Amino acid sequence: MKITGFDDRRYWERIPSDESRFGSIAYLRQVWWLEAVGNIRFEFAPGKYSVLFKIHLGKPLRKCGRKTCNLDQVHGWDIKPVRFQLSTSDGQSAMSERHLDEPGRWFYHHVGDFVVENQNSPVWVKFSMLQIDCTHTKGGLCLDCVIICPFEFRGKYTCFD
(Lines give C-alpha, C1' and ligand atoms only; values in the text may rest on other atoms or scores of the structure.)
Protein backbone atom coordinates (compact mmCIF):
# COMPACT_ATOMS: atom_id res chain seq x y z
CA MET A 1 0.00 0.00 0.00
CA LYS A 2 1.19 3.51 -0.75
CA ILE A 3 0.18 6.50 1.38
CA THR A 4 0.71 9.91 -0.20
CA GLY A 5 3.09 11.99 1.94
CA PHE A 6 3.90 9.12 4.32
CA ASP A 7 7.64 9.82 4.18
CA ASP A 8 7.12 13.40 5.39
CA ARG A 9 7.15 13.34 9.21
CA ARG A 10 5.25 16.63 9.34
CA TYR A 11 2.16 14.71 8.21
CA TRP A 12 2.56 11.04 9.12
CA GLU A 13 4.34 8.92 11.69
CA ARG A 14 4.77 5.19 12.19
CA ILE A 15 3.68 4.08 15.67
CA PRO A 16 4.58 0.69 17.16
CA SER A 17 1.38 -1.08 18.21
CA ASP A 18 0.51 -4.51 19.55
CA GLU A 19 -2.99 -3.93 18.12
CA SER A 20 -1.61 -3.96 14.58
CA ARG A 21 -1.44 -6.98 12.33
CA PHE A 22 2.07 -5.85 11.35
CA GLY A 23 3.50 -4.40 14.59
CA SER A 24 3.04 -0.73 13.66
CA ILE A 25 0.38 1.62 12.36
CA ALA A 26 0.40 4.74 10.20
CA TYR A 27 -0.76 7.79 12.19
CA LEU A 28 -1.88 10.90 10.35
CA ARG A 29 -1.08 14.15 12.13
CA GLN A 30 -2.63 16.51 9.58
CA VAL A 31 -3.00 16.79 5.80
CA TRP A 32 -5.12 18.54 3.23
CA TRP A 33 -5.13 15.50 0.93
CA LEU A 34 -5.57 11.88 2.09
CA GLU A 35 -4.72 9.17 -0.41
CA ALA A 36 -3.94 5.56 0.51
CA VAL A 37 -3.90 3.15 -2.44
CA GLY A 38 -2.76 -0.38 -3.01
CA ASN A 39 -3.14 -3.46 -5.14
CA ILE A 40 -2.51 -7.15 -4.95
CA ARG A 41 -2.30 -9.89 -7.55
CA PHE A 42 -3.31 -13.23 -6.13
CA GLU A 43 -4.79 -16.58 -7.14
CA PHE A 44 -7.94 -16.60 -5.04
CA ALA A 45 -10.03 -19.75 -4.74
CA PRO A 46 -13.44 -19.39 -6.43
CA GLY A 47 -15.91 -17.55 -4.20
CA LYS A 48 -17.02 -14.16 -2.96
CA TYR A 49 -14.59 -11.87 -1.09
CA SER A 50 -14.86 -8.66 0.94
CA VAL A 51 -12.38 -5.78 1.21
CA LEU A 52 -12.12 -3.89 4.51
CA PHE A 53 -9.89 -1.05 5.82
CA LYS A 54 -8.90 -1.21 9.51
CA ILE A 55 -8.91 2.39 10.82
CA HIS A 56 -9.05 4.33 14.09
CA LEU A 57 -9.67 7.97 14.97
CA GLY A 58 -7.33 9.16 17.70
CA LYS A 59 -3.80 8.26 18.65
CA PRO A 60 -3.75 4.99 20.63
CA LEU A 61 -1.47 5.16 23.68
CA ARG A 62 -0.52 3.00 26.62
CA LYS A 63 -0.24 4.66 30.02
CA CYS A 64 0.66 2.57 33.05
CA GLY A 65 -0.15 -0.57 31.08
CA ARG A 66 -3.66 0.61 30.16
CA LYS A 67 -4.94 1.39 26.68
CA THR A 68 -6.00 4.99 26.18
CA CYS A 69 -6.50 7.31 23.25
CA ASN A 70 -5.46 10.91 22.54
CA LEU A 71 -8.18 12.66 20.52
CA ASP A 72 -6.48 16.10 20.41
CA GLN A 73 -5.59 15.95 16.71
CA VAL A 74 -8.84 14.38 15.44
CA HIS A 75 -10.50 16.88 13.11
CA GLY A 76 -11.99 17.33 9.66
CA TRP A 77 -13.60 13.91 9.19
CA ASP A 78 -17.13 15.17 9.77
CA ILE A 79 -16.96 17.79 6.98
CA LYS A 80 -16.71 15.57 3.89
CA PRO A 81 -16.91 11.77 3.63
CA VAL A 82 -13.95 9.53 2.92
CA ARG A 83 -14.30 7.58 -0.33
CA PHE A 84 -13.33 3.90 -0.35
CA GLN A 85 -13.01 2.06 -3.66
CA LEU A 86 -12.06 -1.32 -5.07
CA SER A 87 -11.73 -2.68 -8.57
CA THR A 88 -10.61 -5.97 -10.04
CA SER A 89 -8.81 -6.93 -13.24
CA ASP A 90 -12.00 -8.53 -14.57
CA GLY A 91 -14.02 -5.29 -14.33
CA GLN A 92 -15.74 -5.57 -10.97
CA SER A 93 -15.85 -2.47 -8.80
CA ALA A 94 -17.35 -1.05 -5.62
CA MET A 95 -17.37 2.33 -3.95
CA SER A 96 -18.55 3.50 -0.56
CA GLU A 97 -18.36 6.75 1.35
CA ARG A 98 -18.33 7.38 5.06
CA HIS A 99 -17.97 10.26 7.47
CA LEU A 100 -15.50 9.03 10.08
CA ASP A 101 -17.22 9.61 13.40
CA GLU A 102 -16.18 6.86 15.80
CA PRO A 103 -13.19 8.24 17.74
CA GLY A 104 -11.32 6.10 20.20
CA ARG A 105 -11.99 2.68 18.71
CA TRP A 106 -10.72 0.48 15.91
CA PHE A 107 -13.23 -0.40 13.24
CA TYR A 108 -13.25 -2.10 9.88
CA HIS A 109 -14.87 -0.20 7.03
CA HIS A 110 -16.38 -2.53 4.45
CA VAL A 111 -15.42 -1.19 1.00
CA GLY A 112 -17.25 -3.77 -1.08
CA ASP A 113 -17.20 -7.30 -2.45
CA PHE A 114 -15.97 -9.12 -5.54
CA VAL A 115 -16.43 -12.60 -6.95
CA VAL A 116 -13.75 -14.95 -8.25
CA GLU A 117 -15.00 -17.56 -10.70
CA ASN A 118 -11.84 -19.09 -12.21
CA GLN A 119 -9.44 -21.10 -10.12
CA ASN A 120 -5.71 -20.85 -10.93
CA SER A 121 -6.22 -17.50 -12.62
CA PRO A 122 -4.59 -14.55 -10.81
CA VAL A 123 -6.82 -11.57 -10.07
CA TRP A 124 -5.62 -7.99 -9.55
CA VAL A 125 -7.48 -6.21 -6.76
CA LYS A 126 -6.96 -2.46 -6.44
CA PHE A 127 -8.21 -0.59 -3.36
CA SER A 128 -8.12 2.98 -2.11
CA MET A 129 -9.10 5.32 0.70
CA LEU A 130 -9.39 8.97 -0.41
CA GLN A 131 -10.43 12.32 1.00
CA ILE A 132 -8.97 14.81 -1.43
CA ASP A 133 -11.19 17.84 -0.86
CA CYS A 134 -8.59 20.50 -0.11
CA THR A 135 -10.97 22.98 1.53
CA HIS A 136 -10.08 21.78 5.02
CA THR A 137 -7.40 19.88 6.91
CA LYS A 138 -7.97 16.53 8.53
CA GLY A 139 -5.96 14.68 11.14
CA GLY A 140 -5.83 12.18 13.96
CA LEU A 141 -6.38 9.05 11.84
CA CYS A 142 -4.67 5.67 12.23
CA LEU A 143 -4.51 3.23 9.35
CA ASP A 144 -3.44 -0.32 10.10
CA CYS A 145 -4.19 -2.52 7.11
CA VAL A 146 -6.53 -3.68 4.38
CA ILE A 147 -8.10 -7.08 4.76
CA ILE A 148 -9.39 -9.25 1.94
CA CYS A 149 -11.37 -12.15 3.37
CA PRO A 150 -14.00 -14.65 2.25
CA PHE A 151 -17.41 -12.98 2.28
CA GLU A 152 -18.79 -15.33 4.93
CA PHE A 153 -16.07 -14.18 7.39
CA ARG A 154 -16.52 -10.42 6.95
CA GLY A 155 -18.82 -10.27 10.01
CA LYS A 156 -15.78 -11.14 12.12
CA TYR A 157 -14.29 -7.78 11.10
CA THR A 158 -16.95 -5.26 12.04
CA CYS A 159 -15.55 -3.17 14.87
CA PHE A 160 -13.84 -3.69 18.18
CA ASP A 161 -12.48 -1.73 21.13
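Brief remarks follow.
- Residues satisfying the criterion are present in segment 80-89 (criterion: under 12 Å from the mean Cα position of the chain (by Cα) and among the β-branched types (Val, Ile, Thr)).
- All of (1) under 27 Å from residue 112 (Cα atoms); (2) touching a residue at least 12 places away in the same chain (Cβ under 8 Å); (3) open to solvent by less than 60 Å² (accessible area, probe 1.4 Å) hold for residue 23 with one exception: (2).
- Residue within segment 92-99 that is part of a loop (DSSP other than H, G, I, E, B) and under 21 Å from residue 148 (Cβ atoms) present: yes
- In summary, strands (runs of 3 or more DSSP E) completely within segment 10-76 and bearing 1 or more residues that are touching a strand residue (DSSP E or B) at 6+ places or on another chain (Cβ under 8 Å), closer than 12 Å to residue 143 by Cα and among the acidic types (Asp, Glu) occur at 12-16, 34-42.
- Residues that are open to solvent by 50 Å² or more (accessible area, probe 1.4 Å) and over 15 Å from the mean Cα position of the chain (by Cα) are absent from segment 100-113.
- The criterion of at least 1 residues that are at negative phi and among the hydroxyl-bearing types (Ser, Thr, Tyr) is met by the following strands (runs of 3 or more DSSP E) wholly inside segment 101-161: 106-116, 123-131.
- Residues in segment 41-95 that are surrounded by fewer than 17 Cβ atoms within 10 Å (Cβ to Cβ) and of a type in the set (Gly, Ala, Ser) were compared, and the one that is nearest to residue 105 (Cα to Cα) is 65.
- A search for C-beta distances below 8 Å between a residue of segment 57-74 that is free of Cβ contacts under 8 Å to residues at least 24 places away in the same chain and of a type in the set (A, V, I, L, M, F, W, C) and any residue that is in a strand (DSSP E or B) and surrounded by 10 or more Cβ atoms within 10 Å (Cβ to Cβ), counting only pairs 6+ apart in sequence or on different chains, returns 61/67; 61/68; 61/69; 61/70.
The values are calculated or read from the model by the stated rules, or taken from the named source; none is laboratory data. A quick note: this is a predicted structure, and the numbers were derived from the prediction, not measured. Note that we place each Cβ from the backbone using ideal geometry, even for glycine, and neighbour counts take in every protein chain shown. Just the protein is used for accessible areas: all its heavy atoms, side chains included, with ligands, DNA and RNA removed. Shrake-Rupley method; radii C 1.70, N 1.55, O 1.52, S 1.80 Å.
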